[in-house]
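Peer 1: Following this message is one structure expressed as structure tokens.
Just so it is clear, none of the values below were taken in a lab; they were calculated from the coordinates. Here the structure is a predicted model, which is why all the values come from computation and not from measurement.
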Amino acid sequence: MNLFGTHDTWAGRPYMRFHERPQVERLVDGLDIVVLDETEEDGPSFLGPKHWHVFDVIVRKPAESG
């Protein structure tokens, strides 16, 4: 999954949600984290240049023990 961070240019848009890293970590609590990358960089978007702040997350259900 991909989540927007609070430093993203689009932060504050009322129809979108933006997260701090601790919020993202709480969202995946109890799952096995395969990837949790945070990226901040300037780059293009379909609306023109912007500052990207995104979390790329891959999680899986923990293996059952026993």
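Peer 1: Mind listing the phi-derived Karplus ³J(HN,Hα) values for region 27-44, rounded to whole Hz, using 6.51, -1.76 and 1.60 with θ = phi - 60°, and x for any glycine or proline?
Peer 2: 4, 9, 4, x, 9, 7, 8, 8, 9, 9, 10, 10, 10, 10, 6, 7, x, x
Peer 1: Rounded to the nearest 500, what is the chain's calculated 222 nm mean residue ellipticity when only DSSP H runs of at least 4 contribute -39500 (n - 2.57) each, over all residues?
Peer 2: After summing the helix terms and dividing by the residues of the chain, the value is -2500 deg cm²/dmol.
Peer 1: Tell me the relative contact order for the chain as a rounded percent, counting alpha carbon contacts under 8 Å between residues six or more apart.
Peer 2: 41 percent
Peer 1: Now a separate question. Report for region 2-60 the percent antiparallel among DSSP-assigned beta bridges with both residues inside it, nearest 5.
Peer 2: The answer is about 90 percent antiparallel.
Peer 1: Quick one: give the max-minus-min coordinate of the C-alpha atoms of the chain along each principal axis, largest first, in Å.
Peer 2: Here the spans come out as 52, 21, 17 Å, largest first.
Peer 1: Report, by chain and number, residues whose modeled amide H sits under 5 Å from the one on residue 50, excluding near sequence neighbours (fewer than 5 apart, same chain).
Peer 2: 43, 45
Peer 1: Output ³J(HN,Hα) for region 55-63: one whole-Hz value per residue in order, computed from phi by the Karplus curve 6.51 cos²θ - 1.76 cosθ + 1.60 with θ = phi - 60°, and x for Gly and Pro.
Peer 2: Computed from phi, the couplings for region 55-63 are 10, 9, 10, 10, 10, 9, 5, x, 5 Hz.
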